[in-house]
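Some notes on the structure that comes next.
Quick note: the coordinates plus some simple rules give every number you see, no bench work behind them. Since we're looking at a predicted model, the values are computed, not measured. With ideal geometry, Cβ positions are generated from the backbone for all residues, glycine too; neighbour counts draw on all protein chains shown.
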Amino acid sequence: MNEILNDTLLELEKTQHDFWNVSRSTGNFLNMLVKIRNARSVLEIGTSNGYSGLWFLDALKVTKGHLTTIEYYDKRQSIARANFDKCGFAGMYTPILGSACDILDKLPSDKMYDFVLIDANKREYVRNFELIKPHLLPNAIIAADNVNSHREKVQTYLDAVMNDEDFQTEILDLPAGLAISYKCK
Ligand SMILES: C[S@@+](CC[C@H](N)C(=O)[O-])C[C@H]1O[C@@H](n2cnc3c(N)ncnc32)[C@H](O)[C@@H]1O
């Protein structure tokens, strides 16, 4: 990891709770998973200030991939873009401003992803899942954060993904709880 990226991540960790970022261990784990999967097309639902996006972009440099990231607060998106560019990731990402469900609902049918992080409105996780399903490549991975910290709000999502025969799911005991679902088909 380059020095500017490392310093930026450490700086962002000081305001982690204000921006609802994933934990450092979750970011590191997501980074590893992208490399293990050799994911090239990552979709992030919930950009915030770009903390998790930086972990993705660092891995996507290795896989030569691209990040698409959705956020509905323009101020947060601007901060994220500045963080991405400062760390040398210009041209490697597409920020989309707007409400996640509206955007997912209008995705062109040929837009496909091999890795998705669901990390925006907790009550919309299940709808995010339904909308993203047709856009998943075989053997895609879905990560969903906060499944332990916000269990009640995300229970409909967990029920849906765990009862879906196309997916194999495990909840990892990382801070806040991270559900990892593997699209077996
Ligand atoms: C938990 S934070 C994302 C943290 C980020 N993944 C990280 O770890 O750095 C959730 C973000 O999603 C945004 N958000 C919430 N509901 C949304 C929605 N329906 N559509 C798009 N963005 C949304 C919030 O503004 C917030 O910045």
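Tabulated values for the structure
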| item | result |
| --- | --- |
| Magnitude of the charge dipole, the stretch 50-137, Cβ model with Lys/Arg +1 and Asp/Glu -1, debye to 20 | 140 debye |
| ³J(HN,Hα), Karplus 6.51/-1.76/1.60, whole Hz, each residue of the stretch 78-86, x for Gly, Pro | 5, 4, 4, 4, 5, 5, 4, 5, 4 |
| The chain - mean residue ellipticity at 222 nm from DSSP helices (-39,500 (n - 2.57) per run, n ≥ 4, rounded to 500) | -12500 deg cm²/dmol |
| Spin-label zone in the stretch 127-149 - amide nitrogen under 15 Å from a point set 7 Å from the Cα of N163 along the C-beta vector | 127, 130 |
| Gain upon complete extension [N2, T156; 0.36 nm per residue less C-alpha separation] | 51.5 nm |
| Dipole-positive endmost among L33, T47, A80 within the stretch 3-183 (Cβ charges, Cα centre) | A80 |
| Pairs of Lys in the stretch 3-183 closer than 13 Å at Cα, counting only those 8 or more apart or on different chains | 5 |
| Dipole magnitude of the chain about its Cα centre (Cβ charges: Lys, Arg +1; Asp, Glu -1), debye to nearest 20 | 300 debye |
| About the Cα centre, charge dipole magnitude for the stretch 45-91 (Lys/Arg +1, Asp/Glu -1 at Cβ), debye | 80 debye |
